[in-house]
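Novice: Dumping the structure here so I can ask a few things about it.
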Amino acid sequence: MAKAKEVTEAVDTSAEETIQEEVQHSDWFYKVKDYYDTKRWNLVMVKNAVKKDKITEEEYEEITGRKYKA
């Protein structure tokens, strides 16, 4: 009977590069975020910005910390 050889490979993780995606925000993102953070806009107003295509649903979630519901 032949014995199975165990092969272990050392993986050099120090050579791996971490790729970070650069986040692109819509033109209105920082304005809407500022309005919301300073309480000049409420959730309904931020939601309207999504409906009017000023910000994305993902940006809504980033600004408010809440899941977007249409």
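Novice: Tell me, which residue of the range 22-38 that is more than 16 Å from the chain's Cα centre (by Cα) and of a type in the set (Val, Ile, Thr) is nearest to Val50 (Cα to Cα)?
Specialist: First, pick out the residues of the range 22-38 that are more than 16 Å from the chain's Cα centre (by Cα): 27-28, 31-32, 34-38.
If we keep only those that are of a type in the set (Val, Ile, Thr) as well, we get 32, 38.
Values: Val32: 10, Thr38: 19 Å.
Checked the range 22-38; the qualifying residue nearest to Val50 (Cα to Cα) is Val32.
Novice: Select from the range 41-70 the residues that are loosely packed, with under 10 Cβ neighbours inside 10 Å and not in a helix (DSSP H, G or I) and write down the one among them that is farthest from the chain's Cα centre (by Cα).
Specialist: Filtering the range 41-70 for residues that are loosely packed, with under 10 Cβ neighbours inside 10 Å and not in a helix (DSSP H, G or I), the one farthest from the chain's Cα centre (by Cα) comes out as Lys52.
Novice: Another question about this same structure. Any idea how many residues of the range 37-70 are closer than 13 Å to Ser26 by Cβ and charged (D, E, K, R)? Talk me through it step by step, then tell me what you get.
Specialist: Within the range 37-70, the subset closer than 13 Å to Ser26 by Cβ is 46, 49-50, 52-60, 62-63.
Still in the list and also charged (D, E, K, R): 52-54, 57-59, 62.
Residues in the range 37-70 being closer than 13 Å to Ser26 by Cβ and charged (D, E, K, R): 7 in total.
Novice: Follow-up question, since we're still on this one. Mind checking whether some residue in the range 27-36 is of a type outside the set (Lys, Arg), at pLDDT 95 or above and at positive phi?
Specialist: In the first step, residues of the range 27-36 are kept if they are of a type outside the set (Lys, Arg); the result is 27-30, 32, 34-36.
Next, from what is left, pick out any that are at pLDDT 95 or above: 27-30, 32, 34-36.
Subsequent filtering for residues that are at positive phi retains none.
No: zero hits.
Novice: Something else: Pairs needed: first member in the range 44-70, free of Cβ contacts under 8 Å to residues at least 12 places away in the same chain and within 12 Å of Lys33 (Cα to Cα); second member anywhere, surrounded by 12 or more Cβ atoms within 10 Å (Cβ to Cβ) and not β-branched (Val, Ile, Thr); C-beta distance under 6 Å; at least 6 residues apart or different chains.
Specialist: From the range 44-70, the pairs are Glu61/Tyr68.
The values are calculated or read from the model by the stated rules, or taken from the named source; none is laboratory data. In this text the structure is predicted, and so the values were computed from the model without any measurement. With ideal geometry, Cβ positions are generated from the backbone for all residues, glycine too; neighbour counts draw on all protein chains shown.
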